[in-house]
Amino acid sequence: MYFVARLIGKTIAFLSPLLRRGGGTSAPGVALLRLHPKAFSKLSDSLDRGSVLISATNGKTTTTRFLSDILANAGVACVSNTSGANLKSGVATALLTKEQHHEMGVLEVDEAALPEIVEENRPRMLILMNLFRDQLDRYGELESIAKRWREMVLALHPNTKLLVNADDPVLATIGLQRPGTIFFGLGDASSYSRDKLQHASDSSNCPQCSAPLSYEHLTLSHMGDWRCESCSLARPQLDFAVSRIRLDGLNGSDFTINSESGLHEISSKMPGLHNVYNALAAFSAASDLGIDQEGIVSSISKTVAAFGRTEKISINDRELHILLAKNPAGANANIDTLLLQPGPLHLCVLLNDRIADGRDVSWIWDVDYERVLNKVETLHVGGERSYDLALRFLYGGFDKEKIEVADSIPKLLDSLISSTSENSKLFVLPSYTAMLDLRDELVKRNVTHAFWKDGK
């Protein structure tokens, strides 16, 4: 029965692109698991060197790409769900459709699906990067995911190596409950530290005693060098720490990673402080896997953005930059990056409310759009909830007459192009399915590739 289920799954994967029914990134896994519920464990067992599972609210796709590139350049044959399909069906599809023998899996996993996948996959390594408020209608409050992750970590197989972002107080507290946890974080981010917590910060109280946390430096949302003055819980000692950070707008970043083996200077094409975290997670994981650190540094410097994540696409002699923004923390991180850009901005924000986005779009009121509005020269809004965005910007103080609302993606692109000059840089902040809609139109205009071909 397992052989038949595999054959049917592979057939669906082969036919989906031919029949233009998508890239076959999830449907093969759905069919496989319905026909053979134990197939996921069997597929996982076929990887001689096991799997690395990566989960987070933000950054798991980019971190997966960093680590996949590092391992591939080191000669390790690894399979990865490069399309971003990270539910159990998507991970199963990636394992099912690998075209050759792979030694290792490097797989991003949805936060809610993680405990079940960890139990069946029994990973060699688990990387936990951050938890932010996201899709409340699906996940519930952040604490509900944290509770499930805590139970998962306490039940991990003894041979599973755990890597945790120590700058996230909730995750660090979970990691401290397991001996041997490897912690990474920003050792010196004083030059990019915030003066105070953003109002959208999710975990500003001590996970142990609920007293307010204090910070030596504050980076993204609730993350940073934290401590509780009440119960003395504090960020654990870092095994891998970043210092000497220099952010260069959308051009990338330079930083130094300090580990037991010494200092490693890195230049990355990935912009923003959030991508420094992603590169650090990949560096920490690859180092623990025994990859030569000079090779790690070289690979990080060459890795380019995944689809929709600070992706640059040329269209009509303009640069279109897509920066996925699906929750307050991610949107605010992108705004931080835009603020480093010189000159006025041509900004476009897209919002959908499909299941993959989360039905509740009230999160846009927790995004600090006001910080960037004085740099905005043209503003376009679109997607299924475009008028919600228009209202948000109107209340944020932007001139009503300058807000362009588009009722379709083709009209939006046409308006973006007609209202800007050649060589302009256009910055699009879309929610998840809005990003897919935008890229579908860009594929139709032959200016980029389909998302399921990303990384191939």
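The values are calculated or read from the model by the stated rules, or taken from the named source; none is laboratory data. Keep in mind it's a predicted model, so treat the numbers as computed, not measured. Please note: Cβ atoms are built from the backbone with ideal geometry, for glycine as well, and neighbour counts cover all protein chains shown.
Worth a mention:
Matching residues to (1) part of a loop (DSSP other than H, G, I, E, B); (2) charged (D, E, K, R); (3) over 30 Å from D368 (Cα atoms):
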{"site": "H157", "(1), (2), (3)": "yes, no, yes"}
{"site": "V164", "(1), (2), (3)": "no, no, no"}
{"site": "D188", "(1), (2), (3)": "yes, yes, no"}
{"site": "L197", "(1), (2), (3)": "yes, no, no"}
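- Filtering region 51-60 to residues that are touching a Gly at 6+ places or on another chain (Cβ under 9 Å) and either surrounded by fewer than 19 Cβ atoms within 10 Å (Cβ to Cβ) or of a type in the set (A, V, I, L, M, F, W, C) (or both) leaves V52, L53.
- Close pairs from region 369-384: first assigned by TED's automatic domain parsing to the domain that holds D414 and on the phi > 0 side of the Ramachandran plot, partner hydroxyl-bearing (S, T, Y) and in a loop (DSSP other than H, G, I, E, B), Cβ under 8 Å, at least 6 apart: G383/S431
- The single condition among (1) at pLDDT 95 or above; (2) of a type in the set (D, E); (3) over 29 Å from R445 (Cβ atoms) that E404 does not meet is (3).
- The number of residues in region 209-225 being touching a Pro at 6+ places or on another chain (Cβ under 9 Å) and either surrounded by fewer than 22 Cβ atoms within 10 Å (Cβ to Cβ) or over 16 Å from L131 (Cα atoms) (or both) comes to 1.
- One residue from L379, L391, L350, L373 being more than 22 Å from T57 (Cβ to Cβ) and touching a helix residue (DSSP H, G or I) at 6+ places or on another chain (Cβ under 7 Å): L379
- Taking region 328-349 as the range and being under 18 Å from the mean Cα position of the chain (by Cα) and closer than 18 Å to L391 by Cα as the test, the residues that pass are P328, A331.
Residue-wise test of (1) closer than 23 Å to Q341 by Cβ; (2) surrounded by fewer than 18 Cβ atoms within 10 Å (Cβ to Cβ); (3) assigned by TED's automatic domain parsing to the domain that holds R124.
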site: A279; (1), (2), (3): yes, no, yes
site: A282; (1), (2), (3): no, no, yes
site: L289; (1), (2), (3): no, no, yes
site: E294; (1), (2), (3): no, yes, yes
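- Taking the criterion of being closer than 12 Å to T160 by Cα and part of a loop (DSSP other than H, G, I, E, B), the residues of region 173-186 that qualify are R178, P179, G180, T181.
- Test result for T97, touching a Pro at 6+ places or on another chain (Cβ under 7 Å), polar (S, T, N, Q) and surrounded by fewer than 24 Cβ atoms within 10 Å (Cβ to Cβ): yes
- The set of residues from region 340-352 being more than 17 Å from M270 (Cβ to Cβ) and at pLDDT below 95 comprises P342, G343, P344.
- Each residue in region 398-431 was checked for being surrounded by 21 or more Cβ atoms within 10 Å (Cβ to Cβ) and within 26 Å of the chain's Cα centre (by Cα), and 8 pass.
- Scanning region 253-274 for residues that are farther than 20 Å from L218 by Cβ, hydrophobic (A, V, I, L, M, F, W, C) and buried (at least 17 other Cβ atoms within 10 Å of the Cβ) yields I257, I266, M270.
- Selected residue (criterion: surrounded by the most Cβ atoms within 10 Å (Cβ to Cβ)) from residues of region 61-91 that are closer than 17 Å to M129 by Cα and in contact with a strand residue (DSSP E or B) (Cβ under 8 Å, 6 or more places away or on another chain): L67
To keep it simple, each residue is scored yes or no on (1) surrounded by fewer than 21 Cβ atoms within 10 Å (Cβ to Cβ); (2) under 21 Å from L413 (Cβ atoms).
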| residue | (1), (2) |
| --- | --- |
| D317 | yes, yes |
| I322 | no, yes |
| K326 | no, yes |
| L347 | no, yes |
| D357 | no, yes |
| L373 | yes, no |
| T378 | yes, yes |
| G383 | no, yes |
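- Any hit, region 113-131, residues being touching a Pro at 6+ places or on another chain (Cβ under 8 Å), crowded, with 16+ Cβ neighbours inside 10 Å and assigned by TED's automatic domain parsing to the domain that holds H264: no
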